[in-house]
1. Between residue 51 and residue 27, what FRET efficiency follows from the Cβ-Cβ distance if R0 is 30 Å, with the result rounded to 0.05?
2. Only counting other Cβ atoms within 10 Å, I'd like 36, 12 sorted with the fewest neighbours first.
3. How large is log10 of I(q)/I(0) for the chain at q = 0.17, 0.18, 0.30 Å⁻¹ when the intensity is taken from the Debye formula with one equal scatterer per alpha-carbon?
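A short reminder: the numbers here are calculations on the coordinates, not readings from a lab. What you see is a predicted model, and the numbers here were worked out from it, not measured in a lab. Please note: Cβ atoms are built from the backbone with ideal geometry, for glycine as well, and neighbour counts cover all protein chains shown.
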């Protein structure tokens, strides 16, 4: 399951970071600090999301 988790994290992390950066830009937050915070938040929130998806895929597969 760890291998599946890392594969999913490699896909979900940048996706969530990109979504959060796009949201920050939409709110007209164009400073570097807002971009870094949005990217880090995306990568941090991708950890539990990847774990839950991997757990569901392992249980069903």
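1. E between residue 51 and residue 27, to the nearest 0.05, is 0.55.
2. 36, 12
3. Values, matching the q order: -0.56, -0.60, -1.09.
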